[in-house]
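These notes are about the structure you will find just below.
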Amino acid sequence: MTLHPDASAGYLVNHLARLFAAGLQARIQPLGLSTGVFPVMLQLWSQDGLTQTQLVGRIGVEQATMANTLARMERDGLVIRRPDESDGRRRRVWLTDHARQLEAGATAAARAQNDLALAALSEQERATLQALLRKSILTFPRT
């Protein structure tokens, strides 16, 4: 039996994610951001000074991927990494003033992309979709 793409939740969610990412990339590129750094920016706008390990856990990427992303962000003047005051073996990631100034424009771009992606849905359907996605995400084991 063949699995049809329209009958596969995984295919549909992945397809929507790719469309969303492409639209978000077009919106945030003029700000000097990419979809690769955007999740890190969101976490740090919410709580600055996280460790790399904390960012890995919150975003769900590999340590090596996060290390490369943070190196690019540091090179691009978005973050500064400093030793933790209580444990010098750990380094905390802090946004630069430049990165803080990008928050309003970048989050507005993300809201606009969300609105576009969900334009065909009523407010109730949007809330239901988001609740179902969160519920589904929670079924996956945390590593």
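All of the numbers you see were taken from the coordinates with simple rules; none came from a lab. Values in this document were obtained by computation on a predicted structure and should not be read as measured data. Cβ coordinates were reconstructed from backbone atoms using ideal geometry, including for glycine residues, and neighbour counts include every protein chain displayed.
Tabulated values for the structure
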{"item": "Per DSSP, loop trypsin sites (Lys or Arg not before Pro) in the range 69-143 with at most 11 further Cβ within 10 Å", "result": "Arg89, Arg142"}
{"item": "Ranking of His4, His15 by count of other Cβ atoms within 10 Å, fewest first", "result": "His4, His15"}
{"item": "Dipole of the chain, positive end: most advanced residue of Gly23, Ala104, Gly49 [Cβ charges, Cα centre]", "result": "Gly49"}
{"item": "Of (i) 17.5, 53; (ii) 17.4, 59; (iii) 14.5, 43, the label for Rg and Dmax of the Cα atoms in Å derived from the coordinates", "result": "(ii)"}
